[in-house]
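Engineer: Sharing a structure with you now.
Rule-based calculations on the coordinates, nothing more; no lab input. Predicted, not measured: the structure shown is a model, and the values here were computed from it. Note that we place each Cβ from the backbone using ideal geometry, even for glycine, and neighbour counts take in every protein chain shown.
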Amino acid sequence: MRPVYALSGGVSKFAKARPDKTFQAIVKEAYDYAIADIGIDFPTFTRAVDGSVASYFSDHFSRQLMAGIMAQDYLGLVPKPSHRVEGGGATGGLCFQEAWKSIASGHMDVCAAYGFETMSHVETWKGNEFIALASDVSWDYPVGGFYSGYYAMMVTRHMKEYGTTVEQMAAVSVKNHLNAYHNPYAQKRNRYTIEDVRNSPMVAWPLTRLDICVMSDGAAAVIFASEDGIERLEAAGAEIPRPLVQVTGIGRGTDAMRMSDRPHVDYETFMQDYATDQERSSEDTRNHYRSLWDRGTRYPGVHSFRAGRTAGNMAYRHAGITDPLEELDFVELHDAYTSSEIQTYEDLGLCRYGEGGEFAASGKAFMPGIEYGLDLTSDPVCPVNPSGGLIACGHPVGATGLMQGVFAIWQLQNTIGKHFGDETLQVSDARRGAIHSHAGTGTYVTVSILEREGNR
Amino acid sequence: MSDARREETLGGFVVHGVPFPVETDPDALAFLKRMTPIQIEQQYSITYLHSYGQDSPWFAGASNKRLLASREPDSGYAYATPRGHDMYTGRETEWIDVTDRTATVHAFTVCYFGSEEFLPDTPFVLALIEYEGVNTLFLTRLIGLDHTQASLEWIGREVQPRFLRNSKLKPTDVYFVPA
């Protein structure tokens, strides 16, 4: 595999509705921004790029099949090679990794990844129905197909097993909404309190409206290149900043479509198949898990995402990470729900299973320098969703995983201030970060590691 | 200022004639860039002929007030939501009757909103049910609990299946009530 570099990215403003443009033109906003950011003009880039990968989730939202080729066409990329990827909420993360593969394999030297979703074309509750069709239509959808309901069931189990509280979940909402206050691309930029979150309308007990991301229209794009591709772009006039941002690890995992089908494995199987290397090597952590299992925990059940743990472990091994909390400077993860951010802290090894709620409210995942109005017990260690995440940025599904990639590139280039017009969300001396994209009830999950070149 | 809003719907008026410059001179054509977009309604509806395939006997069972599950014959690994083949051995499963087994609530929620199709049902309780001696769970509606009193104490509570008198051949032909 060859080194793969993420050179630049662009994000359209995420909004509840963008009737001003068709999806192709919204994609072009993000794509043009990514091209302009390497100081090259559109025709020159079109000549230099080898091909693309397109990302969008649902044919239902746009009532349009083959939308990928319509974007490819509008971007002037025909007849260059392209394909569409789809994997529910992880579609953007899968697209990011497919573009990585195109470069790593030597198939391409310059590859554009672009993604979009226009969810405003139907009313909110019809949109929820479309999304719920990403559950088994024989067994799950007809019972009351509603993703917020599925995630609420997961978190009631998490609360029962681990003592996680609604206030800990609300702390995630406060954090992400307030981070987004400094992100001009975000859809919801507000200061909330724990009480605001708990007093907002109940959607699926115990999740309130402010525990849940919103539907959005939007697009994102990332440009990848090999060393040869960078040379080609620079020969054509591109100005690519140094140090480069390299994608040093990718991981993916899957799990059963119906969360009811997921196993409940014993302690020994968990330690052998799923524990991180760090967890296995710590006697204290082994004892912690032994204690959980003695109290009845089984893995993954419905409270944990085995796909996320699998993807994280794979990406960490690829990138040589053994202590993610200490070795990652930030994480942009798929917080469709505050509860799933907490579940994902555990899957990604930022804390141990059973300790996600406490971690959420501790302050370790918060940004330094922002006054959240919360009584945090720890200093920030590894900011999670410094952008505001899905909860505040929005979730135009096919764009979301790429949006995370763009924000990660900007963090590692130290250019958040340039792109946001506000330095507040720049993680100081960011050298390595992770992005995490998640589908369904945890069916497809991707984790990718990005590093500033020369980090090691 | 209040943030109260009326619920939005997609419905609109049928419009005959759309404002447009009388003359398409350069100024008028340039002004077209400043127009708001035209949005129209598009209807889409379809009826699918959906097959339950190898899972069909479960629906036949539910319509006859029997709750089935499936089991790998040798290992005994059992699926509350049936699968035609075991995910560990790849072997075909066999049917078992779990109607009278002890069942408990594994996880639940109260849905106050939902997908459009289910909005008329709200609020309703969704639950994942454990059957004694069965390795996986079953998604169902839980009836007979006061949704305003939702509590983690509901988890672990014993429940029992009830069946619709008039089968709809859907998984909701069975639902659960407190035992």
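Engineer: Return the FRET efficiency for the residue pair A:D422, B:S56: r is the Cβ-Cβ distance, R0 is 51 Å, and the value is rounded to the nearest 0.05.
Structural biologist: That gives a FRET efficiency of 0.30.
Engineer: Here is a follow-up. On average, how many beta carbons from a partner chain sit within 10 Å of the beta carbon of a residue in B:143-156?
Structural biologist: For peptide B:143-156, the averaged partner shielding equals 2.
Engineer: Where does the stretch A:337-456 land on the Kirkwood hydrodynamic radius, alpha-carbon pairs, in angstrom?
Structural biologist: After inverting the pairwise mean of 1/r, the radius is 15.2 Å.
Engineer: Let me ask something else. Arrange A:I370, A:I38 by Cβ neighbour counts within 10 Å, fewest through most, would you?
Structural biologist: A:I370, A:I38
Engineer: Here is a follow-up. Given R₀ = 22 Å, what would the calculated FRET efficiency be for A:L376 paired with A:T165, taking r from the Cβ atoms and rounding to 0.05?
Structural biologist: Computed FRET efficiency for A:L376 and A:T165 comes out at 0.90.
Engineer: So if R0 is 51 Å, what FRET efficiency would A:D73 and A:N199 give, r being the distance between their Cβ atoms, rounded to the nearest 0.05?
Structural biologist: Once rounded, the FRET efficiency stands at 0.60.
Engineer: Scan chain A and report its longest stretch carrying no GluC sites (Glu not before Pro) that are both in a DSSP loop and have at most 16 other Cβ atoms within 10 Å.
Structural biologist: Free of exposed loop sites, the longest segment is A:240-370.
Engineer: Out of all Cα-Cα pairs in the stretch B:53-178, roughly what percent, to the nearest whole number, are more than 16 Å apart?
Structural biologist: Within the stretch B:53-178, distances greater than 16 Å cover 63 percent of Cα pairs.
Engineer: Grab the Cα-Cα distance for A:T124 and A:A235, subtract it from 0.36 nm times how many residues apart they are, and report the gain in nm with one decimal.
Structural biologist: 35.2 nm
Engineer: Turning to a different aspect of this structure: What list of ³J(HN,Hα) couplings, whole Hz, do you get for the stretch A:50-56 from phi and the Karplus terms 6.51, -1.76, 1.60, once you set θ to phi - 60° and write x for glycine and proline?
Structural biologist: 8, x, 8, 10, 10, 9, 7
Engineer: Given the Cα-Cα distance of B:E116 and B:T47 and 0.36 nm per residue of separation, how much length would full extension add, in nm?
Structural biologist: Length difference between fully extended and current span is 23.1 nm.
Engineer: Also, I was wondering about something else. Counting other C-beta atoms within 10 Å, and keeping those with at most 13, which DSSP coil trypsin sites (Lys or Arg not before Pro) do you find in the stretch A:295-345?
Structural biologist: Listed in order of number, the matching sites are A:R295.
Engineer: Sticking with this one: Starting at 0 and stepping by 20 Å, how many percent of the alpha carbon pairs of the protein assembly as shown end up in each bin?
Structural biologist: Calculated over all Cα pairs of the protein assembly as shown, the distribution is 19, 52, 27, 3, 0 percent.
Engineer: Treat the count of other C-beta atoms within 10 Å as a stand-in for reagent exposure and order B:S45, A:S55 from fewest to most.
Structural biologist: Fewest to most other Cβ atoms nearby, the residues stand as B:S45, A:S55.
Engineer: Would you order A:M159, A:M1, A:M271, A:M119 from fewest to most other beta-carbon atoms within 10 Å of each residue's own beta-carbon?
Structural biologist: A:M1, A:M271, A:M159, A:M119
Engineer: For the stretch A:133-241, run through the trypsin sites (Lys or Arg not before Pro) and keep only the ones in DSSP coil with at most 16 other Cβ atoms within 10 Å of their Cβ.
Structural biologist: Passing both the DSSP loop test and the Cβ count: A:R191.
Engineer: Can you quote the Å³ per residue value for the convex hull of the Cα atoms in the stretch A:214-306, rounded to an integer?
Structural biologist: Dividing the Cα hull volume of the stretch A:214-306 by its residue count gives 217 Å³.
Engineer: Enter the angle in degrees (range 0 to 90, nearest 10) between the Cα long axis of helix A:91-104 and the first principal axis of the Cα atoms of chain A, meaning the one along which they spread out most.
Structural biologist: Here the helix axis deviates by roughly 50 degrees.
Engineer: State whether the stretch A:154-290 is rounded, prolate or oblate according to the following rule on the C-alpha gyration tensor (a ≥ b ≥ c being the square roots of its eigenvalues): a/c under 1.5 gives rounded; otherwise a/b larger than b/c gives prolate, and the remaining case gives oblate.
Structural biologist: oblate
Engineer: With labels modelled as points extended 7 Å from the Cα through the Cβ direction, what inter-label distance (nm, one decimal) is found for B:A28 paired with A:D32?
Structural biologist: Distance between label points: 2.7 nm.
Engineer: Rounded to the nearest 500, what is the protein assembly as shown's calculated 222 nm mean residue ellipticity when only DSSP H runs of at least 4 contribute -39500 (n - 2.57) each, over all residues?
Structural biologist: When only DSSP H runs of four or more count, the value is -9000 deg cm²/dmol.
Engineer: Now for a separate question. In a Debye calculation with equal point scatterers on the alpha-carbon sites of the stretch A:2-43 and no solvent, what is log10 I(q)/I(0) at q = 0.32 Å⁻¹?
Structural biologist: The Debye formula, applied to the Cα set alone, gives -1.09.
Engineer: Take the stretch A:320-362, compute every pairwise Cα distance, and split them into 10 Å bins from 0; I just need the percent in each bin.
Structural biologist: Percent of pairs per bin, in order: 30, 58, 12.
Engineer: Moving on to the next point. Can you give the longest run of chain B that contains no trypsin sites (Lys or Arg not before Pro) sitting in a DSSP loop with at most 10 other Cβ atoms inside 10 Å?
Structural biologist: Longest site-free region, per DSSP loop and neighbour criteria: B:7-164.
Engineer: Tally Lys/Arg at +1 and Asp/Glu at -1 over every other residue whose Cβ is under 12 Å from the Cβ of B:T140; what's the total?
Structural biologist: Charge balance near B:T140 sits at 0.
Engineer: Can you compute 3J(HN,Hα) from phi for each residue in the stretch B:41-53, using the Karplus curve 6.51 cos²θ - 1.76 cosθ + 1.60 with θ = phi - 60°, rounded to whole Hz and x for Gly and Pro?
Structural biologist: My calculation for the stretch B:41-53 gives 8, 10, 7, 8, 8, 7, 10, 9, 9, 8, 9, 7, x Hz in order.
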